[in-house]
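Notes follow the structure.
The values are calculated or read from the model by the stated rules, or taken from the named source; none is laboratory data. This one's a predicted model, so the numbers in the text were calculated from it and none came from an experiment. Cβ placement follows ideal geometry from the backbone for every residue including glycine, while neighbour counts extend to all protein chains displayed. Just so you know, the surface numbers come from the protein's heavy atoms only, side chains and all, with ligands and any DNA or RNA stripped out. Shrake-Rupley method; radii C 1.70, N 1.55, O 1.52, S 1.80 Å.
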Amino acid sequence: MSESERLFEEAQTILPGGVNSPVRAFRAVHAVPRFLVRGKGDTVWDADGDSYTDYVMSWGPLVLGHAREEVVREVCEAAAQGLTFGAPTGRETRLAEEIRFACPHMEMLRLVNSGTEATMSAIRVARGFTGRDKIIKFEGCYHGHSDGLLVKAGSGCLTGASPDSLGVPASYAQNTLVAQYNDAESVRRLFLANEGEIACVIVEPVAANMGVVPPEKGFLQALRKLCDEFGALLIFDEVITGFRVAYGGAAELYGVKPDLAAYGKIVGGGMPLAVYGGRKDAMSLVAPLGKVYQAGTLSGNPVATAAGLATLRILRENKEIVYPKIERNAALLEEAYREAGVPVNRVGSLLSPFFCKSAPRSFADVCTCDTEAFARYFNAMLGRGEYVAPSQFEAMFVSFAHTGEHIRRTCSAISESVREALREK
C-alpha cells in the first residue's frame, strides 16, 4: 500500500469522502488521490516521494508557481507580526488599490475570504440596489456553493453527476433563472418573461467550470446591452479569469465593463482571499455605509493580504513578460492536444481538452464528453508524472514557473496518453 493510499483510508474515517472538496477525491477518474506534501515552481511532490509537473496549481491561484520566494517572504513577515487582528490594516487598502489599478471598474470593493462569499455578496448588492429578487445565471457555470446558485451548476456538481444539491430548499432556488451560455436570446426571453423582476445577470465571462468554454463573439457585449435595456446589473464572476486571462482579467480582454465583479484565487496569491466590488453607487449600499449587510472576522487578514499584494505587485511590474510566456506555453499544450486527436478550448493560460466530437460551446455540448476516455487519459498522464485536473469538467492552469523543458515533456505525455485513452475505447 502506498503512503497516499494509507492516508486516504485514514482520511475517509473522519472526512466525507476523505476530502474537504469533492473533486479532490479522484472518484471521477477511478483513482486514489495523491496526498501532496510540497510544491516548488511548477512541480509538486506526494507523500510517496513521487514528483509531478502541476497543471492544477491549486485550481488557479498560483499563476507565479508554487512557493514563489517573494510571496513566501511577505507571508512569513506578516505572520510573524500577527495572524489576524479583526481590525483594519494598511495592507487591505494597498491590495484594494492594486486591484482597482488593474480593473478600473472596481471603483469600490470589499475583501472577503472565498469566491463563494464574493459572488453571493455581489448578488446581494445587486438585489439591494435594484430592489428586485430574481437573478439569471447560466447552465454549467459555477459561482460557489451558496444556496440559490447551486442550480445547473458546473465544477464539482457536474463532476459528481449531480448538477444541483440536496439540502437547498426550493424557495431558495426559485428566484434563480437559468439561461444557456453563448445564447443571448435565451437571456432576452427570460427578461421578457420576468420584466421588472430581474436584479442581475451573473456570468463567468469565460466559462471554466464545465471545462473551458470561451464566450462567442458578441455574447458578453449582448449581455451588457440586455442589462442596460432591462435595468439589471451585469456581474462578472472572475474568480478564475481575474489576473489570469489578462492582467485586467476578462473585462480587459473582451472590452466589456461589468457593473459588479467578483475576484478570487490569484488576488490571494495562494491564501484564502477574494473580493467583490464595482460601481461606487451600488457598493455604497454595503454596511456600514448602507443597509446591504456583509461581514467577516477574517476578511482582509494580514497574512492573506500580504500574499495577494506580493503576487499582484509582481504581475503589475512584469506583466509584459508574464502573460506572453504563459500564453505561449499554453498554446504549445493546445497544439499537442489537437495533434493527438482531441478538441481543445483555450483562453490565455486556461485550457481544457475534451473527449467529444468537437470543441464545446455550451453546457449541452460538454455533456456529450466521454468521461471514461478522460479517466483513462488522466491516469495515463499521472503515470507519466503529469498532474492535471481529475475531472473532464475542470481547467488546466499554466503558470509563469512552468519551464520549457517541462512543457516539452508534457506535450510528449499528452500525445502518448490521449492516443492510449482513445485506443482502449
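Miscellaneous remarks
- For the range 15-66, pairs of C-alpha atoms spaced more than 18 angstrom apart make up 37 percent of the total.
- Pairs of Cα atoms farther than 16 Å apart, the range 221-286, %: 49 percent
- Most mobile listed residue (172, 377, 276) in the chain, GNM with C-alpha springs under 10 Å: 172
- Relative contact order of the chain, taken over Cα pairs closer than 8 Å and 6 or more residues apart, is 22 percent.
- Here is the P(r) of the chain: all C-alpha pair distances, binned every 10 Å from 0, give 5, 22, 32, 27, 12, 2, 0 in whole percents.
- Cα gyration tensor category, rounded, prolate or oblate, for the range 276-368 with a/c compared to 1.5: oblate
- Cut-off 13 Å between beta-carbons: net charge of the residues surrounding residue 131, Lys and Arg +1, Asp and Glu -1: +3
- Straight Cα distances below 13 angstrom link residue 265 to the aspartates and glutamates 117, 237, 238, with same-chain residues fewer than 8 positions distant left out.
- Membrane-span-like helices in the chain (whole DSSP H runs, Cα extent of at least 20 Å along the helix axis, mean Kyte-Doolittle hydropathy of at least -0.5): 115-130, 302-340.
- You can think of it this way: the chain between residue 216 and residue 40 has 59.7 nm of extra reach, that is 0.36 nm per residue less the Cα-Cα gap.
- Between residue 80 and residue 339, the simple label model (points 7 Å from Cα in the Cβ direction) yields a spacing of 4.8 nm.
- Rolling a 1.4 Å probe across the protein heavy atoms gives the chain an accessible surface of 41 Å² per residue.
- Two-site FRET efficiency, residue 51 against residue 415, from Cβ-Cβ distance with R₀ of 30 Å, rounded to 0.05: 0.90
- Mean-position separation - Cα centroids, the range 371-425 and the range 44-113, in angstrom: 27 Å
- The range 1-160 shape via C-alpha gyration tensor axes, a/c threshold 1.5: oblate
- For the range 188-306, a/c is not less than 1.5, where a ≥ b ≥ c are the root eigenvalues of the C-alpha gyration tensor, and a/b does not top b/c. That puts it in the oblate class.
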